[in-house]
Amino acid sequence: MTVLDRRRELRMLRLVGSTRRQVLRMLRWEALLIGGAGVTLGSAIALATLYPLTKAVTGAPPHVPPVLYASFAAAALALGLTATLLPAHWTLRRRTGGARAGLS
């Protein structure tokens with residue numbers, strides 16, 4: 001949704017000289033940073049609530065298998081990248097208003 005809301009900004013970047021590749025790279029880094037922050041914050045919140053509960057119930061700290069955690073984190077990042085880059089590819093493929101009007 002953020003890419004579709006920013007179509008005008010992305011087209012403006014193209015008009016001022018950014019290549020399609022540069023714009024997509026910017027969006028990729030942005031998606032990775034947002035996804036990474038989401039995974040980190042979500043993990044911290046889950047641990048903060050899970051630790052006292054499992055300590056009270058079982059007497060031991062929570063155990064999260066590293067492979068399972070890594071797969072969830074990778075899935076979240078992949079979903080974020082896909083949700084950002086697919087609309088971006090679609091938006092950047094379309095011609096700008098000037099090109100449609102025959103001004104380019």
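Only one entry of 40, 2 meets the criterion of being at pLDDT 90 or above and of a type in the set (Ser, Thr, Tyr), and that entry is 40. For the stretch 67-82, the set of residues classified as aliphatic (A, V, I, L, M), under 30 Å from residue 21 (Cβ atoms) and either without any contact (Cβ under 8 Å) to a residue 40 or more places away in the chain or open to solvent by 60 Å² or more (accessible area, probe 1.4 Å) (or both) consists of 70, 73, 74, 75, 78, 79, listed by residue number.
Listed by position, the helices (runs of 4 or more DSSP H) inside the stretch 1-66 whose residues that are free of Cβ contacts under 8 Å to residues at least 40 places away in the same chain number at least 2 are 7-15, 20-58. Of everything in the stretch 46-66 that is within 30 Å of residue 28 (Cα to Cα) and open to solvent by 90 Å² or more (accessible area, probe 1.4 Å), the residue that is modelled with the highest pLDDT is 66.
The values are calculated or read from the model by the stated rules, or taken from the named source; none is laboratory data. Note that this is a predicted model, so its numbers are computed, not measured. Glycine gets a Cβ as well: all are built from the backbone with ideal geometry, and neighbour counts include every protein chain shown. Please note that ligands, DNA and RNA were not included when accessible areas were found on the heavy atoms of the full protein model with its side chains. Shrake-Rupley method; radii C 1.70, N 1.55, O 1.52, S 1.80 Å.
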